[in-house]
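Peer 1: I have a structure I would like to understand better, so I am pasting it below and will then ask my questions one at a time.
Bear in mind that the values in this text are calculations on the coordinates, not laboratory data. These numbers were taken from a predicted model, which means no experiment stands behind them. Glycine gets a Cβ as well: all are built from the backbone with ideal geometry, and neighbour counts include every protein chain shown.
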Amino acid sequence: MAGLTSSTIGRKYAMALSAMFLLIFLVMHLSVNLLSVFGQDAYNNASQFMGYNPLIQFLMQPVLMFAVIFHFVMGFVLEIKNNKARPVGYNVNNGSANSTWMSRNMLISGAVILAFIFLHMYDFWVHEMNYKYIDGLPVEETRFWGDLHAKFADLWRVVLYVISFILLGLHLAHGFQSSFQSIGARHPKYTPVIKAFGNWYSILIPLGFIFIAIFHYVTQ
Ligand code: HEM
């Protein structure tokens, strides 16, 4: 790990690996949350399974937390190092002609997503402590859907969530294909396929989350 993070190439590689892990997490997270639209039982059962599964609670969840923190810290480190190494700024270098807004503003979209995650953790971990499994509490298998549904009664929360999901889409629009480039996956035949898949991914995943938030708001 130390070797991986001590050189710029190593850091980019590690950053890309954490990004890929988070890309997979988003698909799983969306899939579980989409169940809340299609039926209370399906969502309650899935949450019950995940909330009480030791593999998920004691292995996947800490790994996920590590990946989230690592990705953000490494993003800042890389950005600072890039700025130091770049003698002329993007403005002088006619940045908009050579790169997209998304690629130049990964730090801004990343910071909004980080702020969203703080709000999200407050919503589902701190504020709603009994949403999480706590030793000694009676098992209430049906509380999950109700708690989730109630969160989206508040228009401001829905608006903040939707803005964050749009920024998430912009972050993914560059991040998806960039993570493949960073691990050296470049090929005349496959790179266009990865780019096209990344474009669809960065539209459909945020749209799925937006749909869930709006669905719960309008069905209060
Ligand atoms: C409408 C959209 C979303 C809903 C309804 C939702 C719902 C939830 C719920 C209920 C939990 C708590 C799960 C538990 O008991 O541990 C959770 C955790 C979490 N969410 Fe979301 N989420 C949404 C979007 C997102 C997005 C877009 C991200 C990332 C950018 C995200 C990142 C996380 C993380 C990192 C956790 C903590 C890990 C975990 O507990 O599994 N969520 N979310």
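Peer 1: Suppose R0 equals 35 Å. What FRET efficiency, 1/(1 + (r/R0)^6) with r the Cβ-Cβ distance, do residue 85 and residue 117 give to the nearest 0.05? If you can, show how the numbers build up before the last one.
Peer 2: On the way: r = 29 Å, r/R0 = 0.82.
Once the sixth-power term is evaluated, E becomes 0.75.
Peer 1: Between residue 104 and residue 61, what is the spin-label point distance in nm, taking each point 7 Å from the Cα along the Cα→C-beta axis?
Peer 2: 4.2 nm
Peer 1: Okay, moving on. For residue 110, what charge total do you get from the other residues with a beta carbon under 14 Å from its beta carbon, if Lys and Arg give +1 and Asp and Glu give -1?
Peer 2: Charge balance in the 14 Å sphere: 0.
Peer 1: Which lysines does residue 151 reach when only Cα atoms under 17 Å apart count, and residues fewer than 8 places away in its own chain are ignored?
Peer 2: 132
Peer 1: At 0.36 nm per residue, minus the direct Cα-Cα distance, what do residue 31 and residue 193 gain on full extension? Give it in nm, one decimal, please.
Peer 2: Details: separation 162, 0.36 × 162 = 58.32 nm, distance 2.34 nm.
Gain in length upon complete extension: 56.0 nm.
Peer 1: Pull out a ≥ b ≥ c, the square roots of the eigenvalues of the alpha-carbon gyration tensor of the range 25-87, then state rounded if a/c is under 1.5, prolate if not and a/b is larger than b/c, and oblate in the remaining case.
Peer 2: oblate
Peer 1: Further, regarding this structure: When a footprinting reagent is the concern and you count Cβ atoms within 10 Å, what order do 74, 15, 121 take, fewest first?
Peer 2: Fewest-to-most Cβ neighbours within 10 Å comes out as 121, 74, 15.
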